[in-house]
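Trainee: Pasting a structure here, questions to come.
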Amino acid sequence: MIEEGDTRAEFAMESISQVSSMALVMEETGGKAFRAKIGTDPTGMAFNSVMALEMHAGKPLSALVNAGAIAAVSLVPAAGAEERWRKILAAQSAFAGRQLALSEDINSSEQAANFHNRTIAWLLYGAGSIYCDPMQACDACTCQCSALITVTDLAAMGATLPAGGVHPLTRARVVSTGNVPRILAEMTMEGLYQSSGDWAYTVACPARAASAGACSPSRRDSWPSPPSRRRSTRSATASAGSSPSPGSPGAGTQPLPAPRPRRGRQASDFPPSAPPAARPAGERPTLPRGRLLTAIIPGRTG
């Protein structure tokens, strides 16, 4: 593995975490059950769309949108919240090739503001499309997004899939060979939400977008997006040594944080803001300066 820059800085996985959870559910329940209970089609709508859920009788369609991600973690076989979280973190760690940890600060912030996802969880419950306590599933889904990874972890995760489900550094099998095409298909259809088709047409490579992280456009290169607390970037090139094995499931796993008290939103939570500037007809939206689109791009085999 070739590294250049600030490759060991940690950042939250965010929606990239949905790939490892999707793989975990496929491994634990089987591809047939996954398809029947979650679905395997793109929604064609925003990642947090309630309309997409309502239009399909409460079926999420994809594990790579918020509704499907919440339903997917509810399908992880577990006796309770702690066991479910241990399995999710163990799956993430296996993909990374080392034991990952939760960011308590990021998780606390996101748990306190995930009102929309709680709504989605209850809609799933009403439609019979969630398979454990709705708030337990919502909390676990929020926790999985707050696990910390590095660019080198992300590159290894992406390289695991084109390697047939075997981690390129630890040589441990992370995903069964039969589930790899299913995961790549999901990433192709919904990995970049409404832009998935355009990405597949122009790049012809599965990918996964998220709000923070890194971009790995091939099995060779990765770049971090700027962390929220920016520090000076060191330009360096180094050869990576062997990565430690992920260890047994649950080893070193942090306990699931206690739920924070919930409250309804107050008027003070909604400061006045200026309306967005009109965009000329035909002009495509762009990312703010200083931000990079985040993606896992496994590359192609053969």
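Trainee: Can you confirm whether the range 196-208 contains a residue that is within 23 Å of Gly30 (Cα to Cα) and of a type in the set (D, E, K, R)?
Mentor: yes
Trainee: Can you run down the residue pairs with Cβ atoms below 6 Å, 6 or more apart or on separate chains, where the first is in the range 1-22 and within 29 Å of Met189 (Cα to Cα) and the partner is crowded, with 24+ Cβ neighbours inside 10 Å and among the charged types (D, E, K, R)?
Mentor: That search, which allows pairs on different chains as well, returns Ile16/Arg208; Val19/Arg208.
Trainee: Evaluate the range 173-196: report whether one residue or more is more than 16 Å from the chain's Cα centre (by Cα), among the charged types (D, E, K, R) and more than 16 Å from Ser21 (Cα to Cα).
Mentor: No, there is no match, as no residue in the range 173-196 is more than 16 Å from the chain's Cα centre (by Cα), among the charged types (D, E, K, R) and more than 16 Å from Ser21 (Cα to Cα).
Trainee: Among Ser74, Ser93, Ser20, Ser62, which is the only one that is farther than 23 Å from Ala159 by Cβ, crowded, with 24+ Cβ neighbours inside 10 Å and within 14 Å of the chain's Cα centre (by Cα)?
Mentor: Within the list Ser74, Ser93, Ser20, Ser62, the selection yields Ser62.
Trainee: Confirm whether Gly197 is modelled with pLDDT of 95 or more and surrounded by fewer than 19 Cβ atoms within 10 Å (Cβ to Cβ).
Mentor: no
Trainee: (1) buried (at least 24 other Cβ atoms within 10 Å of the Cβ); (2) farther than 28 Å from Asn107 by Cβ; (3) aliphatic (A, V, I, L, M): which one isn't true of Ala147, the others all being true?
Mentor: For Ala147, the exception is condition (2).
Trainee: Another one. Consider Ala140 carefully, then state whether it is under 14 Å from the mean Cα position of the chain (by Cα) and assigned to a helix (DSSP H, G or I).
Mentor: Answer is yes for this residue.
Trainee: Report every pair of residues separated by at least 6 positions or lying on different chains whose Cβ atoms are under 9 Å apart, first residue within the range 100-112 and closer than 15 Å to Met13 by Cα and without any contact (Cβ under 8 Å) to a residue 40 or more places away in the chain, second among the hydroxyl-bearing types (Ser, Thr, Tyr) and assigned to a loop (DSSP other than H, G, I, E, B).
Mentor: Asp105/Ser146; Ser109/Ser146; Glu110/Ser146
Trainee: Would you confirm whether any residue within the range 43-59 is buried (at least 18 other Cβ atoms within 10 Å of the Cβ), aliphatic (A, V, I, L, M), out of contact with any Ser or Thr (no Cβ under 7 Å at 6 or more places or on another chain) and in contact (Cβ under 8 Å) with a residue 12 or more places away in the chain?
Mentor: Yes, because at least one residue in the range 43-59 is buried (at least 18 other Cβ atoms within 10 Å of the Cβ), aliphatic (A, V, I, L, M), out of contact with any Ser or Thr (no Cβ under 7 Å at 6 or more places or on another chain) and in contact (Cβ under 8 Å) with a residue 12 or more places away in the chain.
Listed here are the residues, each with its yes/no results for (1) surrounded by fewer than 22 Cβ atoms within 10 Å (Cβ to Cβ); (2) under 21 Å from the mean Cα position of the chain (by Cα); (3) modelled with pLDDT of 55 or more.
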| position | (1), (2), (3) |
| --- | --- |
| Tyr201 | yes, no, yes |
| Cys215 | yes, yes, no |
| Ser235 | yes, no, no |
| Pro244 | yes, no, no |
| Pro249 | yes, yes, no |
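The values are calculated or read from the model by the stated rules, or taken from the named source; none is laboratory data. Because the structure is predicted, anything quoted here is derived from the model rather than measured. For neighbour counting, all protein chains shown are included, and Cβ atoms are generated from backbone atoms with ideal geometry for every residue, glycine included.
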